[in-house]
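The values are calculated or read from the model by the stated rules, or taken from the named source; none is laboratory data. No experiment lies behind these values; they were computed from the predicted model shown. Here Cβ is always computed from backbone atoms with ideal geometry, including for glycine, and neighbour counts include all displayed protein chains. Heavy atoms of the whole protein, side chains included, go into the accessibility calculation; ligands, DNA and RNA do not. Shrake-Rupley method; radii C 1.70, N 1.55, O 1.52, S 1.80 Å.
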Amino acid sequence: MVKVERKLEEIMVESPDGIGASDDEWAAFRRIEVIDFPLTFDFRHSLGKLSRFFLELENQRLMGTCCPVCHSIWLPPRTLCPDHHAVNDWVELGGQGVLEAFSISSYALGADSADESVVLAYVKLHGAKTALLQQLRNVPRDKQIEPGMPVKVVWSKIDVQHPMQLFWFEPDI
Amino acid sequence: MERVVVLGGGISKFARQRLDGSPVDWIVEASMRALEDAGVDISAIDHSVVAYESEILARQVTMGQVVQDVLGLTPKPSIRVEAGGGTGGAALRTAYAYIRSGLCNSMLVVGADAVGRQVPASTVREVYALSGDVDFEMAAGGFFTAYYALMMDAHMRQYGTTKEQLARVSVKNHRNAISNPFACMPMAITIEDVLDSPVVVSPYRKFDCAILADGAAALVLATERWAREHSLAWKKRPHVYFIGSGSATERVRLGDRPQPYPGYAHFRAKQEAAKMAYKMADIKNPVAELDVAEVADTFTGVELQSYEALGFCDPGQSGPLLEEGVFDLGGDLPVNTSGGMIGQGAPPGGVGIAQGVEILSQLRGERPSTVQVKNARKGLMDIHGGTSSYAVVSIFSQED
Ligand SMILES: [Zn+2]
């Protein structure tokens, strides 16, 4: 017999409702083949109009956007002010801020191992109206993570895959 | 304008893994059950609306068209809707609009998703993360369990909500699921069992989470005139009307939301959607006027935060009221008598519609005595996408 390379198994399944074969209206459809079905997606992904934010990270600069009407500084940057619908201007922010909220996970999206917990934190950098989500790292063991905690931006000294890996937050002690 | 009636409902088993078919197969099963329940011949149906969150998870683009073909509903029109976890609710609202506008007189409302074990959990997590902010937050390692955990952590700090109160939601919903033959996680567990389960993202533990499941649900909606003409069940069953629909949106990233309200701890879009639905249904005091509700329980804390957004209580009061038994069977407003997403399971496109199937059965008095709410006349459905970046609230009423 010829072989079907992607065939994983051939099984008889029961009615998921526990209906006996004699009363099962789908009895003639209970023999199932399961196959391996790989789907891979790899995109050439533009970071769009907000690309300058990601590009300036390579220069260790954090860029927000400023509304020409209300002068609110949005970080993450936004093309339009959501309150005034005006096209924003770019503006640079400093690297210090305050932690507002956080969670601690035993894994993160794209992380290889669960050896170390990952802290995701919303931080409002001084001058910004909104808070940016980023990882909080190198918290001393005796330090309790809490809203209100001062934090600072730390820049990567090693090569990274994605621009958002160029920086993270650490406690500003 | 003609009123919209809810004629019938059906569910195709919610389970951790269904190798017996595809989402299309499950939609066919749920549809056949809903049509039988409605006493309606499928050939009389004018239109369908098909709800599913993700082409990647379903391994099918344009599933709406495929469903129409497999059910033998061509050449009649069909529309697909998508709103993340709120997809099923968006389908209900769409059906309401199509029928009220006169675009059609009857609609088959179906929804499904395949997020059970056929899809690796890492893939589900990745696809779900694509439904939030991609370039900033997903790239920083963000994912939905972390977002929800962060929201609940903020709620606990602000109001003193406890992990025991969270656990109580899990106990209630798993217990309610015992009376639901279509549920995937019926369990009699204790608060201690929940607190002993492994931490996923603090404060959430394994038993605080909704269950990724396969499955489908279907409803038949129509005008009253169409129902009288085409439904064999119309004269025999209590009549259930679709009397309220509200929907609202919110900034996607939690850090972009205004403070102090909604801040990190509250669902503002849900509050707006509820206000809209209450106004339409002329409801002033939801806990007193509603008899039963299906409320989003992506995580145990989400159900508590939703009570507050839906106006069941003031912010911060959800935990204490739950402990008083207000939302238990026999309480003022029993919630998630189906088991909810925690007890019944959570295929995103199916959930919002399954909520409608549960409320319909409750309002007809057809649920088993263990979970039937006595003399239930008005029921609410609440579902959302993202971290309530998209919310839909629907209200059904039994009027005989
Ligand atoms: Zn502005």
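Go through segment A:130-147 and give me each residue that's open to solvent by less than 50 Å² (accessible area, probe 1.4 Å) and more than 8 Å from every other protein chain (Cβ to nearest Cβ). Reasoning before the result, please.
First pass over segment A:130-147, keeping only residues open to solvent by less than 50 Å² (accessible area, probe 1.4 Å): A:130-136, A:139-140, A:145.
Passing the criteria: A:L136, A:V139, A:P140, A:I145.
Looking only at residues in segment A:46-71 that are open to solvent by less than 20 Å² (accessible area, probe 1.4 Å) and closer than 18 Å to B:P258 by Cα, which one is nearest to the ligand (Cβ to nearest atom)?
So, considering only residues that are open to solvent by less than 20 Å² (accessible area, probe 1.4 Å) and closer than 18 Å to B:P258 by Cα, the one nearest to the ligand (Cβ to nearest atom) is A:C67.
If you check every pair at least six apart or on different chains, which have Cβ atoms under 9 Å apart with a residue in segment A:155-171 that is more than 11 Å from chain B (Cβ to nearest Cβ) and in a loop (DSSP other than H, G, I, E, B) first and a residue that is at pLDDT 95 or above and surrounded by 13 or more Cβ atoms within 10 Å (Cβ to Cβ) second?
Hits for this filter: A:S156/A:Q165; A:S156/A:L166; A:S156/A:F167; A:S156/A:W168.
How many of the residues making up segment A:72-84 are within 14 Å of chain B (Cβ to nearest Cβ), within 11 Å of the ligand (Cβ to nearest atom) and out of contact with any His (no Cβ under 9 Å at 6 or more places or on another chain)? Reasoning before the result, please.
First, the residues of segment A:72-84 that are within 14 Å of chain B (Cβ to nearest Cβ): A:72-83.
Add one more test, that the residue is within 11 Å of the ligand (Cβ to nearest atom), and what stays is A:72-74, A:78, A:80-83.
Remaining after also requiring out of contact with any His (no Cβ under 9 Å at 6 or more places or on another chain): A:73-74, A:78, A:80-83.
So the count comes out to 7.
Within the bounds of segment A:11-20, is there any residue that is open to solvent by 40 Å² or more (accessible area, probe 1.4 Å) and either in contact (Cβ under 8 Å) with a residue 24 or more places away in the chain or within 16 Å of the ligand (Cβ to nearest atom) (or both)?
Within segment A:11-20 (the criterion being open to solvent by 40 Å² or more (accessible area, probe 1.4 Å) and either in contact (Cβ under 8 Å) with a residue 24 or more places away in the chain or within 16 Å of the ligand (Cβ to nearest atom) (or both)), the answer is no, since none of the residues qualifies.
Looking at B:L103, is it open to solvent by 60 Å² or more (accessible area, probe 1.4 Å) and of a type in the set (A, V, I, L, M, F, W, C)? Please lay out each step first, then the result.
Numbers: open to solvent by 60 Å² or more (accessible area, probe 1.4 Å): yes; of a type in the set (A, V, I, L, M, F, W, C): yes.
Spelling it out, B:L103 is indeed open to solvent by 60 Å² or more (accessible area, probe 1.4 Å) and of a type in the set (A, V, I, L, M, F, W, C).
Being surrounded by fewer than 24 Cβ atoms within 10 Å (Cβ to Cβ) and part of a helix (DSSP H, G or I), is that true of even one residue in segment B:306-316?
Yes, that holds for at least one residue.
Is it the case that B:A95 is open to solvent by less than 10 Å² (accessible area, probe 1.4 Å), outside the structural domain of B:D25 (by TED's automatic domain parsing) and closer than 28 Å to B:G39 by Cα? Walk me through it before giving the result.
Values: open to solvent by less than 10 Å² (accessible area, probe 1.4 Å): yes; outside the structural domain of B:D25 (by TED's automatic domain parsing): no; closer than 28 Å to B:G39 by Cα: yes.
Against the criterion (open to solvent by less than 10 Å² (accessible area, probe 1.4 Å), outside the structural domain of B:D25 (by TED's automatic domain parsing) and closer than 28 Å to B:G39 by Cα), B:A95 does not qualify.
Yes or no: B:V40 over 22 Å from the mean Cα position of the chain (by Cα) and within 19 Å of B:L219 (Cβ to Cβ)? Spell out the reasoning first.
On the way: over 22 Å from the mean Cα position of the chain (by Cα): yes; within 19 Å of B:L219 (Cβ to Cβ): yes.
When the stated conditions are applied, B:V40 passes them.
Search segment B:324-365 for residues being more than 17 Å from B:A183 (Cβ to Cβ) and in a helix (DSSP H, G or I), and hand back the single one that is most open to solvent (accessible area, probe 1.4 Å). Show your work before the answer.
Quick first cut of segment B:324-365, residues more than 17 Å from B:A183 (Cβ to Cβ) only: B:324-328, B:330-333, B:349, B:363-365.
Checking the rest, the ones that are also in a helix (DSSP H, G or I) come to B:349, B:363-364.
Numbers: B:G349: 0, B:L363: 2, B:R364: 26 Å².
Among those that are more than 17 Å from B:A183 (Cβ to Cβ) and in a helix (DSSP H, G or I), it is B:R364.
Could you count how many residues in segment B:261-285 are outside any loop (DSSP other than H, G, I, E, B), surrounded by fewer than 22 Cβ atoms within 10 Å (Cβ to Cβ) and away from chain A (no Cβ under 14 Å)?
Narrowing segment B:261-285 to residues outside any loop (DSSP other than H, G, I, E, B): B:268-281.
Add one more test, that the residue is surrounded by fewer than 22 Cβ atoms within 10 Å (Cβ to Cβ), and what stays is B:268, B:272, B:275-276, B:279-280.
Retained after the next criterion (residues that are away from chain A (no Cβ under 14 Å)): B:272, B:275-276, B:279-280.
Residues flagged as outside any loop (DSSP other than H, G, I, E, B), surrounded by fewer than 22 Cβ atoms within 10 Å (Cβ to Cβ) and away from chain A (no Cβ under 14 Å) within segment B:261-285 amount to 5.
Do we have A:E92 as away from the ligand (no atom under 16 Å from the Cβ), open to solvent by less than 100 Å² (accessible area, probe 1.4 Å) and modelled with pLDDT of 95 or more here?
Yes: the conditions hold for A:E92.
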